[in-house]
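The values are calculated or read from the model by the stated rules, or taken from the named source; none is laboratory data. Because the structure is a prediction, the values reported are computed rather than measured. Every residue, glycine as well, gets a Cβ built from its backbone with ideal geometry; the counts of neighbours run over all protein chains shown. To get the accessible areas, we keep the full protein, side chains included, count just its heavy atoms, and leave off ligands, DNA and RNA. Shrake-Rupley method; radii C 1.70, N 1.55, O 1.52, S 1.80 Å.
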Amino acid sequence: MVRSTRKQVRRPKIARHARGAAGGRRSPNVLVLVATRKGAWLYHGDVSRRSWRVDGPHFLGHIVSHVVLDPRDGRTLLAAAKTGHLGPTVFRSTDLGRTWKEAVRPPAFTKAPGGEKGRVVDHTFWLTPCHENEPEAWYAGTSPQGLFRSNDGGMVWEGLPGLNDNPQYRAWMGSEQDGTPDGPKLHSVIVDPRDSAHLYIAMSSGGVHESFDAGRSWAPLVQGLEVVENLDPANIQFHDPHCVRLSPRDPDRLYQQNHCGIYRLDRPAKEWRRVGRNMPKRVGDIGFPMVVHPRDADTVWVFPMDGTTVWPRTSPDGVPAVYMTRDGGERWRRLDSGLPERQAWWTVKRQAMTADTGNPVGLYFGTTSGELWTSRDEGNRWTCIARNLPEIYAVEAAELR
Amino acid sequence: MKVLIPGPLLSYTTLREVDAIGGTLTELFVDLDRRYPGLRFRLVDEQEKMRPHMRCFVNGEQVFDMMRPLHPTDSVHIVQALSGG
């Protein structure tokens, strides 16, 4: 059930991590942040995650790529936005969306010397809070590929020259034609929860890369990954990771949904293993999003799409389904109860599927056709909680404190 | 000089027509940004070029050169191009 609030929402109550009769941890109040091609919507859930109150649209008419709640304070939101005509910017709210303040200096590349063609940020695509010991600090990934950092809560952004101005990396990023249909992107900015200087990033195209010095230097991490047939996997430019996630339970465990399959990596090893080979052949292992269980490194969810022939990028056969593994990718199980059984030709983009930390875990995904789906039982049963939204680009589940 | 502001930028100026100064378009946009922080980057990218879907007219003439000289009596119209979706 969704209730609509036309005016701005009141400040939600602080969630209590109440304990149920059986002593298990109940879910906190979940805030689902939905970024779309025409604005952003916030869905406030009750403790049971059955009832949702919608707050939006925010930034109606803006192309919003990502909205993220800062888990370090539980109330600051950052939103990456642009319009079809106006340049890209970042907005910040410290009152859960009641008011927004625009960045003083949004992510922007260095001005090129006279006579040279410089790069221009088309849009900020990805937002990641830095380490919990670095309050107010954020990373942003852009299209075309660039990595930026703010140390003041998203007001002033500076590029990381170790990546943005590195000639080798510029070559690996390729041209504007070497990315996704709406531009090449830097995404999946991951901070190791044990070490603020240990970072991962991914680029479409441009591969997965790792830094041990807070982004001053980088090294490719693409061994074992496949590329499109007839291309050379030794060429970093040909690698197209769609979404990389780290297990909160075991930060040495990484999963990746790639243009060419589903992979797993257990550090310190450097070679990815294509666990998507174990998916049903008729479904394949192509898709965009990747979601890892907050407390179980062996449990992940993916949303396969049709990556055959001309790459329709729709649900295979028009029958959408989530697939889950409980053993790190050895076996996969189809989870489609409640989802359309026929003629549903949408899919889910790389940022548009996520999990909360409830018990059982709640899952959320938004579709290219503007539907918001949720499961309160780790994917066994799905419910649509919003329809007729614009194309959904990103979905994040945050917990209010 | 008088500067006509397009609808998408009214969230910055609140006014359809504003006053600003500058000897060139570059200087004019710097002054507009001083008066209405954030406006300039929505119009002009980090390489000092007008964004692809924005247009600027001076006394009715479409101008692409950001160093185009301006006079205090000029009338500047900023418009969004006929594009979108």
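Points to keep in mind about this one:
- Share of Cα-Cα pairs in chain A lying beyond 30 Å, as whole percent: 36 percent
- Each eigenvalue of the Cα gyration tensor of the stretch A:274-401, multiplied by 5 and square-rooted, gives one semi-axis; in descending order these are 21, 19, 12 Å.
- Cα-derived Rg over Rh, computed across the stretch A:246-323 with Rh taken as Kirkwood radius: 1.00
- The stretch A:53-120 and the stretch A:257-276 have Cα centres lying 32 Å from one another.
- Seen from a random direction on average, the alpha-carbon convex hull of chain B projects onto 5.2 square nanometres.
- Among the GluC sites (Glu not before Pro) within the stretch A:132-238, those in coil by DSSP and having at most 14 neighbouring Cβ atoms inside 10 Å are A:132, A:229.
- Residues of the stretch A:89-241: accessible area per residue with a 1.4 Å probe, Å²: 42 Å²
- Farthest toward the positive end of the dipole of the protein assembly as shown, out of A:69, A:257, A:372, is the Cα of A:372, where the dipole comes from beta carbon charges about the Cα centre.
- Residue with peak Gaussian network fluctuation, chain A [Cα springs, cutoff 10 Å], from A:291, A:222, A:32: A:222
- Once the 1.4 Å probe is applied to the protein heavy atoms, chain B comes out at 51 Å² accessible per residue.
- Percent accessible area from carbon and sulfur atoms, chain B, protein chains only, probe 1.4 Å: 58 percent
- The length gained by stretching the chain between residue A:229 and residue A:342 to full extension, at 0.36 nm per residue less their Cα-Cα distance, is 37.6 nm.
- In the stretch A:228-308, trypsin sites (Lys or Arg not before Pro) in a DSSP loop with at most 16 other beta-carbon atoms within 10 Å: A:249, A:270, A:281, A:282, A:295
- The dipole here belongs to the protein assembly as shown: it is taken about the Cα centre, uses +1 on the Cβ of Lys and Arg and -1 on the Cβ of Asp and Glu, and is about 1900 debye.
- What a 1.4 Å probe finds exposed on the stretch A:312-356 is 43% carbon and sulfur by accessible area, rounded to a whole percent.
- For the stretch A:191-314, Kirkwood radius (reciprocal of mean inverse C-alpha pair distance, Å): 14.9 Å
- Residues whose placed amide H lies under 5 Å from that of residue A:157, excluding near-sequence neighbours: A:105
- Under Karplus coefficients 6.51, -1.76 and 1.60, residue-wise ³J(HN,Hα) of the stretch A:92-108 in Hz, glycine/proline x: 10, 10, 10, 10, 6, x, 5, 9, 10, 10, 7, 4, 6, 9, x, x, 8
- Hits among lysines - C-alpha to C-alpha of residue A:101 under 17 Å, sequence gap 8 or more where chains match: A:82
- Candidates B:43, B:15, B:28: whichever shows maximal mean-square fluctuation once chain B is modelled as a Gaussian network with Cα springs under 10 Å: B:15
- Placing unit charges on each Cβ (+1 for Lys and Arg, -1 for Asp and Glu) gives the stretch A:101-183 a dipole about its Cα centre, and among A:161, A:139, A:103 the Cα reaching farthest toward its positive end belongs to A:161.
- Within the stretch A:172-234, the trypsin sites (Lys or Arg not before Pro) that combine a DSSP coil assignment with at most 15 other C-beta atoms in a 10 angstrom radius are A:194, A:216.
- Cα centroids of the stretch A:300-357 and the stretch A:175-243: 23 Å apart.
- Rounded to two decimals, the Cα-based Rg/Rh of the stretch A:96-232, with Kirkwood Rh, is 0.98.
- Between chain B and chain A, the total buried accessible area stands at approximately 1500 Å², from heavy atoms with a 1.4 Å probe.
- Taking only the C-alpha atoms of the stretch A:326-386, the Rg (one decimal) and the largest Cα-Cα distance, Dmax (whole number), read 12.0, 34 Å.
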